[in-house]
Amino acid sequence: MIKWRLMLKTLPLVALITAIKIGLDFGLKFSGMIKFSDVAIIMTGGIFLMGFMLAGVLADYKESEKLPGELVCSMEVIDEGLCHIGIAKQNIQLSEIRKMVMGLADLINYWLNKKVKSDKVFDAIAQISVKVQPLDSTAISVRVLNELNTLRKTVMRIDVIKRTSFLQSGYALLDTIVVLVLVLLMFSKFETVISEGIVTFFVSLVYVYMIRLIRDIDDPFEYEEGKQSQAADVDLFPLEEFRKRLQARM
């Protein structure tokens, strides 16, 4: 059902646009001033710009799909490395290690759901790094520190994607073209009322749906506690399954 959510939210607006066009024809006897074929070049420009914007946000989206898995892989290595150090040196309890890593995983989950700011996550990573450095000087501790650095980079990349919108000037032009196309639809003449309704409905559906889809894809981390995730949000099941595995180990 989630795949239809954006469509169902778009249909009322499209129905309103179509009703306005039909209302102008029947209510005000205004059948249009320009031929619909004359609007074709503007519509073509809009489709081209949509394709450009969609290609841009999809590039970030494909990268975003990998990031939850990279977060989990880094935390798995950190957990295993710290456990090896704890067993070898016997100066740290495994339960303490699990609790520390679980705390980090929970904090990342809270951050993704907008409960805490990214600063808290970076502070937690720094605290683990400070604890690891005096424990051991073997290759294992070096690997743990490297994975902590990788985790920090991954969190930073997600934070940048969450807080940065793709090409604001492109959105400005896209919004202008979409509004222009919808206005020109209101002034377009059609051969029959049936063609008027059908063309207005589907043209407005394509343009309104696509601009909302592009904006949805632009932020694939729109999670918020207690709210339904968006259709284009990246799935966080790797993080959720890791927390369950870690809980079982504890």
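Using 0.36 nm per residue of separation minus the Cα-Cα distance, give me the extension gain between T164 and T176 in nm, one decimal.
Going from the current span to full extension adds 2.2 nm.
Which aspartates and glutamates, if any, have their Cα less than 14 Å from the Cα of K35, not counting same-chain residues under 8 positions apart?
The reachable aspartates and glutamates, counting only those whose Cα sits under 14 Å from K35, are E191, E196.
Suppose each label sits 7 Å from its Cα in the direction of the beta carbon; what would the F187-K29 distance come out to in nanometres?
It is 2.2 nm.
So how much slack lies between E96 and A59, counting 0.36 nm per residue of separation and subtracting their Cα-Cα distance, in nm?
9.3 nm
Helix-only estimate, please: 222 nm mean residue ellipticity of the chain, summing -39500 (n - 2.57) across DSSP H runs of length 4 or more and dividing by its residues, to the nearest 500.
Mean residue ellipticity, 222 nm, calculated: -26500 deg cm²/dmol.
Quick one: pull the percentage of alpha-carbon pairs in the stretch 2-249 with a separation above 32 Å.
That fraction is 43 percent.
Report, by chain and number, residues whose modeled amide H sits under 5 Å from the one on K189, excluding near sequence neighbours (fewer than 5 apart, same chain).
The answer is M33, I34, K35, F36.
Taking Cα atoms, how many degrees apart are the long axis of helix 168-186 and the longest axis of the chain, rounded to 10 and kept between 0 and 90?
The two axes meet at around 30 degrees.
Report the FRET efficiency, 1/(1 + (r/R0)^6), for Y110 and M7, where r is their Cβ-Cβ distance and R0 is 30 Å, rounded to 0.05.
Rounded to the nearest 0.05, the efficiency is 0.45.
Can you tell me the length gained on complete extension of the stretch T44 to K66, counting 0.36 nm per residue apart and subtracting the Cα distance?
Taking 0.36 nm per residue and subtracting the Cα distance, the gain is 4.5 nm.
Apply the Karplus curve 6.51 cos²θ - 1.76 cosθ + 1.60, θ = phi - 60°, to the phi angles in the stretch 63-71 and return the couplings in whole Hz, x for Gly and Pro.
5, 5, 4, 7, 5, x, x, 5, 4
On a 25 Å Cα-Cα criterion, which of the cross-link pairs K3/K120; K62/K162; K66/K115; K9/K189; K3/K153 come out too long?
In this structure, K3/K120; K9/K189; K3/K153 lie more than 25 Å apart at Cα.
Starting at the first residue of the stretch 116-122, write each ³J(HN,Hα) from the Karplus equation 6.51 cos²θ - 1.76 cosθ + 1.60 with θ = phi - 60°, in whole Hz, x for Gly and Pro.
9, 8, 5, 4, 4, 5, 5
We did not get these values from a lab; they are worked out from the coordinates using the rules stated. Computed from a predicted model, the values in this text were never measured in an experiment. Here Cβ is always computed from backbone atoms with ideal geometry, including for glycine, and neighbour counts include all displayed protein chains.
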